[in-house]
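These notes concern the structure reproduced below.
The values are calculated or read from the model by the stated rules, or taken from the named source; none is laboratory data. Remember, it's a predicted structure, so these values are computed and weren't measured experimentally. Every residue, glycine as well, gets a Cβ built from its backbone with ideal geometry; the counts of neighbours run over all protein chains shown.
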Amino acid sequence: MGGRQKTFLIMERPQIRVRRKIGRRAEPKEKKIREIELNEDRIKEIKETVRKMKCITPAEISIKFDLRLSIVKDLLEEMEKAGEIIRISKNRRIIIYKPSVKQET
């Protein structure tokens, strides 16, 4: 009576799942231990790089300098309070900054 016919792919789906090979797992990735503490030279290097960037996110800095995300977030908050960068947007997942107009010499 009513209803459409099931297409071939819909009928085959359960069989495809059964056919998957068991035991085919990817090798576990080696965990990377990121740096926890920063010295003054490292902070200076990060600040110089941040001034040259058009758009700044904590994740971007974290990956670039191989630092923990929490450390980078704290550093960027300090820079915002000092007036070195300006927060453009913030939501629960991401904060976006840009360098301030005034450049320290």
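Quick one: in the stretch 54-88, of everything that is in contact (Cβ under 8 Å) with a residue 12 or more places away in the chain and among the charged types (D, E, K, R), which residue is surrounded by the most Cβ atoms within 10 Å (Cβ to Cβ)? In this case the residue turns out to be Glu84.
For the stretch 89-105, residues that are without any contact (Cβ under 8 Å) to a residue 12 or more places away in the chain and among the polar types (S, T, N, Q) total 3. Can you name the number of the only condition in (1) at pLDDT 80 or above; (2) within 16 Å of the chain's Cα centre (by Cα); (3) not aliphatic (A, V, I, L, M) that Glu40 fails? Every condition holds for Glu40 apart from (2).
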